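Taking it in order: structure first as structure tokens, then the write-up.
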There are 2 protein chains.
Amino acid sequence: MLQVIGVSQAQELSRSIAGGMTRTELLPLSELVGRVCAQAPLCGGDIPAFRRSTMDGFAVIAADTFGAGEASPAELRIAGEIRMGEETKISLTRGTCAAIPTGGMMPENADAVIPVEYTETDGCGSCLVYRPVSPYGNVMRAGEDVRGGGALFPRGKRLTPAAVGVLAAAGADRCLVYEKPRVGILSTGNEVVPVTQPLSPGKVHDVNTHLLEALCGIFGCETRLYGIVPDNEDALTGALRSAAEENDLVLLSGGSSAGEKDLTARVIASLGEVLAHGIAMKPGKPTVIGRIREKPVFGLPGNPAACFFVTEIVVRPCIEALVGASLPRRETAAVLAGNLSSNHGREEFVCVSLSDDGSAYPIAGKSGVISLLNAADGYLHIPRDCEGLPAGSAVRVILF
Amino acid sequence: MLQVIGVSQAQELSRSIAGGMTRTELLPLSELVGRVCAQAPLCGGDIPAFRRSTMDGFAVIAADTFGAGEASPAELRIAGEIRMGEETKISLTRGTCAAIPTGGMMPENADAVIPVEYTETDGCGSCLVYRPVSPYGNVMRAGEDVRGGGALFPRGKRLTPAAVGVLAAAGADRCLVYEKPRVGILSTGNEVVPVTQPLSPGKVHDVNTHLLEALCGIFGCETRLYGIVPDNEDALTGALRSAAEENDLVLLSGGSSAGEKDLTARVIASLGEVLAHGIAMKPGKPTVIGRIREKPVFGLPGNPAACFFVTEIVVRPCIEALVGASLPRRETAAVLAGNLSSNHGREEFVCVSLSDDGSAYPIAGKSGVISLLNAADGYLHIPRDCEGLPAGSAVRVILF
């Protein structure tokens, strides 16, 4: 019988048994957000590829404006007009300028742009400039946004809208990303029936399949559902073997009674190895961590809230390790609105609701009912060596 | 010419012109996370539907255990064993008990469960109980998780994994949600070419179509792309008219030069009305807010970072109003690592990168280049009436 392990030890174990993804796919820009980059994309050429004005105004040779002021404007001859998106044949000589729009391509010899509000034109081809401008003023140089030849971002980056934007800027219409990890989801328990089936006495609906499917979806995984497996060794062995073959990770929930837990551990041991049996967390103690054919397998509690917390706290690092990128989590600071006692020698995860003034109200109720989770805005964490938290404590709330 | 309006005024306007979704769809549990509930689902029956044990042990009549202790155990006759998921015919009488697993259905007359670790069996049908248990101890009553007849959650709730779980617990395999708002996305600008096309001099790739598609995806919208519309009145009129007919919201980006901005405003005015032209924010000033056939239309800056911030700050409330639910945002507290000056009379949004110690480093560079956004972990906000923030200021960073 393995010893109960601590939460951080369980997280470390979870991380260490993830194999790491090698399957990649090339996806178009429209499908990249949230995916993890599998190969740093290179920027072919400078962005922008040419010198651009960042203002509406006149492209000038900066030296021609030195000393210009309200009382002593510089007078420049307008050599022409730059049109948006077009290459220009204009080449400035000292004493000349060219009208240019924001984003327009700078003409040859021009090194600055004087904004239109500091100029005056006389309609006869002359432009008065009432302010000086420094060289490179209001000009974006070629490659100032991104230098050609470098990487746009590193492998392992979880792609944001801005990353998609920078790919587009570089003229890349796709990016190589890791495939979504495949998670096989199984429920067990003779009392569990599919959600579409009416309940006979003693039966409950299968919550965990759907809870895990939803959570793994948020974690960026593809899920494969194996339904409800009968609580016997043969059925469980067959189902777990298939799930481990067909997925990167297997989550088996159910069996909160001692006999069922032992069955889960026994079957995992027969197909592979059990690495931990029991985690010092509340809820979530009756958890089994194992490995079948190099695939991580988690035997999660049947109680839905416990199943949720073990997935959120212990399975999450395994999924992060699989794709090599952390998963974003929303947090907020809050003030605890009531006393919370804790003397269990286990790390505790407590559902709370938040009020507009930043108070966190612990939600009372039997540990592990699904309605607690549903009513909560998030949860807070009481460390193992802590005897509880008094009302008024500053806490971090992880938001659902 | 309309006056430049403040950011909060722009947000209020944005919120007020959203029509509100009426189209709904019934989706299976697997597709619900992140969607917004359009009708509060009712819980048909109590969850659980029967009294369940929350421990492995013996179902008892609590009164039979009163006074039991290590030295004076209560001795009960084992009337039988409850099997998981099955209705039992056992009915306890005083002095009897029944073995029961966690989650098992309580037999008639039993009102508490004594955990197995406080009992001893002699193999001859007797059970010694070494602790008293109160009535309802270790029992979850029928309806204790969710009472039958009530709403599982309200209309307008953005569905979490726990909400999916509570639907499953209630035997509901689908839920009515609002359809995703449809957002029409158009780019303009004679300098803009599709991402797949090579750049000739003076041209840049279309970043905003892809940036907006990605951002609207995160905002829970369906996007329809209208490509790059030439910078002329007829083309823009035709494209905007179609986009307003076919979507709930239209985002038109591009045209950062004065003439192009005026064209956008003129075309929106000819098809509907312009409600604001110019927002006191940096980046993002050259923004047009209007309405065509009761559909909100935003004329966004061509500069990608400005386009991003106006969408994130000003368009977001419109999308929240459309579905009647707020959009989650990740935030963190940080300490500013450098001085930030601001004397523009505009609210400013500044990209920052975060270090592990919680310092926020402003990212320097020309306002609005896409690489700034891509390099940043998030942004912070400098209010309009603030002259800047000194190094060491406590700041809130909104995370990308």
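Screening A:Ile279, A:Ile289 for residues that are crowded, with 19+ Cβ neighbours inside 10 Å and closer than 17 Å to A:Ile185 by Cβ leaves exactly one candidate, A:Ile289. Pairs linking a residue in the stretch A:163-191 that is within 14 Å of chain B (Cβ to nearest Cβ) and surrounded by 24 or more Cβ atoms within 10 Å (Cβ to Cβ) to a residue that is among the hydroxyl-bearing types (Ser, Thr, Tyr) and in a strand (DSSP E or B), with Cβ atoms under 6 Å and 6 or more positions apart or on different chains, are A:Val183/A:Thr223; A:Ile185/A:Thr223; A:Ser187/A:Ser253. If the condition is being buried (at least 21 other Cβ atoms within 10 Å of the Cβ) and touching an Asp or Glu at 6+ places or on another chain (Cβ under 9 Å), then the stretch B:348-362 contributes B:Phe349, B:Cys351, B:Val352, B:Ala360. Each residue in the stretch B:73-88 was checked for being touching a Gly at 6+ places or on another chain (Cβ under 8 Å) and under 27 Å from A:Pro198 (Cβ atoms), and 7 of them qualify.
Can you go through A:Glu222, A:Glu191, A:Glu213 and tell me which one is within 30 Å of B:Ile47 (Cβ to Cβ), acidic (Asp, Glu) and touching a Ser or Thr at 6+ places or on another chain (Cβ under 6 Å)? Full working, then the answer.
On the way: A:Glu222 fails: touching a Ser or Thr at 6+ places or on another chain (Cβ under 6 Å); A:Glu191 fails: touching a Ser or Thr at 6+ places or on another chain (Cβ under 6 Å).
The conditions single out A:Glu213.
So how many residues does the stretch B:220-275 have that are under 32 Å from the mean Cα position of the chain (by Cα) and among the aliphatic types (A, V, I, L, M)? Of the residues in that region, 13 qualify. Restricting attention to the stretch A:293-345, the residues being crowded, with 19+ Cβ neighbours inside 10 Å, basic (Lys, Arg) and under 18 Å from the mean Cα position of the chain (by Cα) number 1.
Tell me, which residue of the stretch B:13-34 that is without any contact (Cβ under 8 Å) to a residue 24 or more places away in the chain and surrounded by 14 or more Cβ atoms within 10 Å (Cβ to Cβ) is farthest from the chain's Cα centre (by Cα)?
It comes out as B:Ser30.
The selection criterion, being among the β-branched types (Val, Ile, Thr) and out of contact with any Phe, Trp or Tyr (no Cβ under 9 Å at 6 or more places or on another chain), holds for A:Val146.
Against the test of being under 22 Å from B:Val192 (Cβ atoms) and in the same structural domain as B:Thr311 (by TED's automatic domain parsing), the options B:Gly255, B:Gly272, B:Gly220 yield a single qualifying residue, B:Gly255.
If the requirement is being of a type in the set (Ser, Thr, Tyr), crowded, with 19+ Cβ neighbours inside 10 Å and modelled with pLDDT under 95, which of these qualifies: A:Thr96, A:Thr102?
Answer to the check: A:Thr102.
Selection of the stretch B:280-310 for residues being of a type outside the set (Gly, Ala, Ser) and in a helix (DSSP H, G or I) yields B:Pro304, B:Cys307, B:Phe308, B:Phe309, B:Val310.
From the list B:Ile61, B:Ile82, exactly one residue is free of Cβ contacts under 8 Å to residues at least 60 places away in the same chain, under 30 Å from A:Asn232 (Cβ atoms) and out of contact with any helix residue (DSSP H, G or I) (no Cβ under 7 Å at 6 or more places or on another chain). Which is it? Give the derivation first.
Values: B:Ile61 fails: under 30 Å from A:Asn232 (Cβ atoms).
Only one candidate passes the filter, namely B:Ile82.
Among the conditions (1) surrounded by 21 or more Cβ atoms within 10 Å (Cβ to Cβ); (2) more than 10 Å from chain A (Cβ to nearest Cβ); (3) among the aliphatic types (A, V, I, L, M), the only one that B:Leu159 does not satisfy is (2). When B:Gly302 is tested against the conditions (1) more than 25 Å from A:Phe58 (Cα to Cα); (2) of a type in the set (Gly, Ala, Ser); (3) touching a residue at least 40 places away in the same chain (Cβ under 8 Å), the lone failure is (1).
The values are calculated or read from the model by the stated rules, or taken from the named source; none is laboratory data. These numbers come from a predicted model, not from an experiment. Neighbour counts run over all protein chains shown; Cβ positions are idealised from the backbone, glycine included.
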